[in-house]
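Inspection log for the structure reproduced underneath, given as structure tokens.
The values are calculated or read from the model by the stated rules, or taken from the named source; none is laboratory data. The model shown is predicted, which means the values in this text are computed figures rather than measured ones. Every residue, glycine as well, gets a Cβ built from its backbone with ideal geometry; the counts of neighbours run over all protein chains shown.
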Amino acid sequence: MLDYLIRRLGGTIPVLLAVSAFVFLFVHLLPGDPARLVAGPDASPQDIAAVRADMGLDRPLIVQYLRYLGQTAQFQFGRSIKTHQTVAELIGERFMPTLLLTVSAMLWSVIVGVGIGVLSGVKRGRWQDQVSMVLAISGISFPSFWLGLLLIDLFSVRLGWLPTGGYGTWQSFVLPAFTLGTGVAAVMARFTRSAFVEIAGEDYVRTARAKGVPERSVVWKHTLRNALIPVITLTGLQFGFLLGGAIVVETVFAWPGLGRLLVDSVSYRDYPVIQAEILLFSFEFVLINLLVDLLYGVVNPEIRLR
Amino acid sequence: MRSKLSMLFAGVLLFALPGAAFAAKDLVVGVPANLTGLDPADLNDNLSQSAARLMFEGLYMLDEHMKLQPQLAESYEASEDAKEFTFHLRKGVTFQDGSPFDAAAVKFSFDRAGNPENHLKRQSLFVMIAHTDVVDDYTVRVVLKYPFGAFVNDIAHPGALIVSPKSVQQYGKEVTRHPSGTGPYEFVSWSADTLKMKKNEHYWKAGLPKIETITYRSVPENGARIAMLQAGEAQFIYPVPPELIASLKNSSTITVFDEPSILGRYIALNNMRKPFSDPRVRLALNYAVDKQAFIKVVFNGHADPMDSPMPPLLGFYQKQGSYPYDPAKAKALLAEAGYPNGFESTLTGAVDTLTQRGMQFIQQQLAIVGVKVNVEPLEAGVLTAKEFNVKSPEDATIVMLYTGWSSSTGDADWGMRPMLYTKSFPPVLANLAWYSNPVTDAAIEEGLATVDPSKRATAYAKAQAQVWQDAPWIFLSVDHDLAAYSKNLHGAFMRPDQQFHLTADASLD
């Protein structure tokens, strides 16, 4: 097991190396002159040259890449072009808001989503199923910025119960976590339902029923346990995506997270921040995938990790 | 025991007071983006500059009507040839870090910002300075390399705010996160999307400021910013999109701010390219656009038609008139120029909603006179590259550019020279119309060669008249600043240069 972990973690190094090269090239190939953007619309050539030298952009690309690689290997990510803050500090202060928002959104949406999915699967074709699926379709179809604004209008402006946005007290989590989780819960419900229905049609489920296994056991043990495998995969993927920062929800709720940081950085061509953020996201994905693989074994001991 | 009792008593008293008495004295300002820094010499965005202006002061400042007012200087004298400026400084002022404000601090700030080795973004404000001399503790003389009649306006720009030399020596480049000026508010903290400031207890204007603390919170979503104001979480928000202003007008607790800015909006036509090299074509396009309808459709009426190359609030502005909407005349002019059936062209601009709406409106208007326009929206980075990565007029790939300009010095020089002077062709400055007329050039130069207001006025009147007649642009509108604030806030404005501004005696009940 430990062997397996070490091997998997070791395997992330080439992935991250490839990502770093790709991201570096990609951001430097983006059209647009970052020095010009940073210097502003009324900048003179002197101003722009000053900015370019300050950013180290006057050196050849390969020199810039090697320098970047050397620094990254020592966990030095440089300073933001925009704010002169160290990138580690900048990402550090945005990481917790995004992580906590992701966790709180995932927590409720997975529980509710899977719950609704199982209910629909069990009561397939009946009114519970139909109501659930209408809910799920609505959840997927509501654009999150619209839902967010609607919730703000109701709970903050009209009722005054919850803050309109910002990151702080537990109250500030309620609306963004609900908005962010709605789409996820809906996807989860649909996905769980179809996985459940598919498994429910398998021979071994029919056999279990024929053998007189109690219905409860058929649902929970034979069907759900197997249906959960793809659901876990999906949960991992969703979690990974959300950790990258939910740009729309962070924007609507003025949430100081990684998604907004990335958008700001891209529009400002803040190379060091873009590079470090994408490297972080890749690392998170690799980690989550590993976690998902480990979870398979927990849910179904038949699956062995080698 | 007694102290405990009195604390208890105080506590009870506090709770007994009506709610309004303890309304937080924190002024929360909802702004659309994050700050980029707080080192005045290294800023180029309105938002960060407006924050810097609360913590720092300059020798002179522009008030909410764009008029020059003395701030850290009490007066100045200028030589006849506009090459030497002597400033007499206010006494008894200290920086927030405790060090004294004097002539040496002014020299330090100017030398630092103007030194190319420091790589600071506002270096261009200081390029005309030959040297700055300390005459005595409270007198400083600036000697210029060449005449620059707009110099006092130049240093009223937020890029020339005076920084504490001690703070720069202590923090170096990091001073952008440890600002220390002489302003009414001092820095507390800045993290992620929140900037906090508090009252400067040692401010040189006795009894001021009246507001205890100020928080800038970045809220990018327009609707969410408005909700913040409605829910009482913010007391001032900007910008408010024109289409949402009406929804706030009837509120009993909110005041809408709707005043002209100094942002002129126009379409720069490439004057070196056919068909725009023909003045009749440029005139035709000016007649082809209904400016009133443009303002109504794009800005819900919250703008004014442009009636000079410069917005009215800039120094030495002179009204030129209008190109009334006259599609028949436009068609006739096009026919005269050899385009009886119009022509096809591309209109380039940014990707934001208002620009999109504006470009689409122009597209429809020009179609009426037979000019088929393709709209090309470009992301900011791509757009600036396309605008400025050119070596000569022949390289320019943009033929019609939907753009605008706000002269942050409040003076005619920066209101015209960057866009209308031959030596300002990209990449040097923003003459994106590639407009060149020796008469205009000479007038712009005359305007800078003296500090005499009447001579400057004559020069800029000539320049404006010439540009208006040549019509290198399609003249569109002057934007309004749109903001909203709660009725218990007094003395808060949007300055015409689109920066949040508090008067010295601003207060929050």
message: Just the residues that are more than 11 Å from chain A (Cβ to nearest Cβ), part of a loop (DSSP other than H, G, I, E, B) and within 30 Å of B:Val451 (Cα to Cα), please, taken from segment B:387-425.
response: B:Gly410, B:Asp411, B:Tyr421, B:Phe425
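Please determine whether any residue of segment A:180-188 is loosely packed, with under 15 Cβ neighbours inside 10 Å and either within 14 Å of chain B (Cβ to nearest Cβ) or of a type in the set (A, V, I, L, M, F, W, C) (or both).
First pass over segment A:180-188, keeping only residues loosely packed, with under 15 Cβ neighbours inside 10 Å: none.
No, segment A:180-188 contains no residue that is loosely packed, with under 15 Cβ neighbours inside 10 Å and either within 14 Å of chain B (Cβ to nearest Cβ) or of a type in the set (A, V, I, L, M, F, W, C) (or both).
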- request: Output the qualifying pairs, or none if there are none: Cβ atoms under 7 angstrom, residues six or more apart or on different chains, first residue in segment A:81-96 and more than 9 Å from chain B (Cβ to nearest Cβ), second residue in a loop (DSSP other than H, G, I, E, B).
  value: A:Ile81/A:Asp270; A:Val87/A:Phe77; A:Val87/A:Gly78; A:Val87/A:Ser80; A:Ala88/A:Phe77
- prompt: Does B:Arg265 count as buried (at least 22 other Cβ atoms within 10 Å of the Cβ), modelled with pLDDT of 95 or more, among the charged types (D, E, K, R) and not in a loop (DSSP other than H, G, I, E, B)?
  reply: yes
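Report yes if some residue within segment B:468-477 is touching a residue at least 12 places away in the same chain (Cβ under 8 Å), within 30 Å of B:Thr213 (Cα to Cα) and in contact with a helix residue (DSSP H, G or I) (Cβ under 6 Å, 6 or more places away or on another chain); otherwise report no.
Residues of segment B:468-477 that are touching a residue at least 12 places away in the same chain (Cβ under 8 Å), as a first pass: B:468, B:470-477.
This time we only want the ones that are within 30 Å of B:Thr213 (Cα to Cα), so: none.
Scanning segment B:468-477, I find no residue that is touching a residue at least 12 places away in the same chain (Cβ under 8 Å), within 30 Å of B:Thr213 (Cα to Cα) and in contact with a helix residue (DSSP H, G or I) (Cβ under 6 Å, 6 or more places away or on another chain), so the answer is no.
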task: Any chance you could count how many residues in segment A:25-65 are more than 7 Å from chain B (Cβ to nearest Cβ) and outside any loop (DSSP other than H, G, I, E, B)?
output: 17
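Based on this model, can you work out whether A:Ser20 counts as within 12 Å of chain B (Cβ to nearest Cβ), surrounded by 15 or more Cβ atoms within 10 Å (Cβ to Cβ) and hydroxyl-bearing (Ser, Thr, Tyr)? Before the answer, list the steps.
Values: within 12 Å of chain B (Cβ to nearest Cβ): no; surrounded by 15 or more Cβ atoms within 10 Å (Cβ to Cβ): yes; hydroxyl-bearing (Ser, Thr, Tyr): yes.
Considered against the rule, which asks whether it is within 12 Å of chain B (Cβ to nearest Cβ), surrounded by 15 or more Cβ atoms within 10 Å (Cβ to Cβ) and hydroxyl-bearing (Ser, Thr, Tyr), A:Ser20 comes out as no.
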Failed criterion for A:Asn300 (all others in (1) farther than 20 Å from A:Thr98 by Cβ; (2) free of Cβ contacts under 8 Å to residues at least 60 places away in the same chain; (3) surrounded by fewer than 18 Cβ atoms within 10 Å (Cβ to Cβ) hold): (2)
Every residue from segment A:200-240 that is in contact with a His (Cβ under 8 Å, 6 or more places away or on another chain) and of a type in the set (A, V, I, L, M, F, W, C): A:Val205, A:Ala208, A:Val213
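Determine whether B:Ser109 is more than 10 Å from chain A (Cβ to nearest Cβ) and modelled with pLDDT under 95. Quick ask: steps written out before the conclusion?
Values: more than 10 Å from chain A (Cβ to nearest Cβ): yes; modelled with pLDDT under 95: no.
When the stated conditions are applied, B:Ser109 does not pass them.
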query: Can you tell me which residues in segment A:191-222 are closer than 15 Å to A:Gly121 by Cβ and of a type in the set (S, T, N, Q)?
result: A:Thr192, A:Ser194
- prompt: Going through segment B:57-82 one residue at a time, which ones are modelled with pLDDT under 95, part of a loop (DSSP other than H, G, I, E, B) and out of contact with any Phe, Trp or Tyr (no Cβ under 7 Å at 6 or more places or on another chain)?
  reply: B:Asp63, B:His65, B:Met66, B:Lys67, B:Ser79, B:Glu80, B:Asp81
message: All but one of (1) without any contact (Cβ under 8 Å) to a residue 60 or more places away in the chain; (2) more than 15 Å from B:Val371 (Cβ to Cβ) hold for B:Arg280; state the number of the condition that does not hold.
response: (2)
query: If we scan segment A:272-286, do we find a residue that is over 24 Å from A:Ile6 (Cα atoms), of a type in the set (Val, Ile, Thr) and in contact with a Leu (Cβ under 8 Å, 6 or more places away or on another chain)?
result: yes
task: Just give me the residues in segment A:140-168 being under 22 Å from the mean Cα position of the chain (by Cα) and part of a loop (DSSP other than H, G, I, E, B), in sequence order.
output: A:Phe142, A:Pro143, A:Gly165, A:Gly166, A:Tyr167, A:Gly168
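Output the residues belonging to segment B:350-375 that are part of a loop (DSSP other than H, G, I, E, B), more than 13 Å from B:Val298 (Cα to Cα) and within 30 Å of the chain's Cα centre (by Cα). I'd like the intermediate steps shown before the answer.
Of segment B:350-375, the ones part of a loop (DSSP other than H, G, I, E, B) are B:350-352, B:369-371.
Subset that is more than 13 Å from B:Val298 (Cα to Cα): B:350-351, B:369-371.
Selection gives B:Ala350, B:Val351.
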field: Qualifying residues in segment A:205-248 (those that are loosely packed, with under 14 Cβ neighbours inside 10 Å and polar (S, T, N, Q)) - the one farthest from A:Gly148 (Cα to Cα)
entry: A:Thr207
task: Would you mind telling me which numbered condition in (1) at pLDDT below 95; (2) over 30 Å from B:Asn222 (Cα atoms); (3) part of a helix (DSSP H, G or I) B:Gly92 fails?
output: (3)
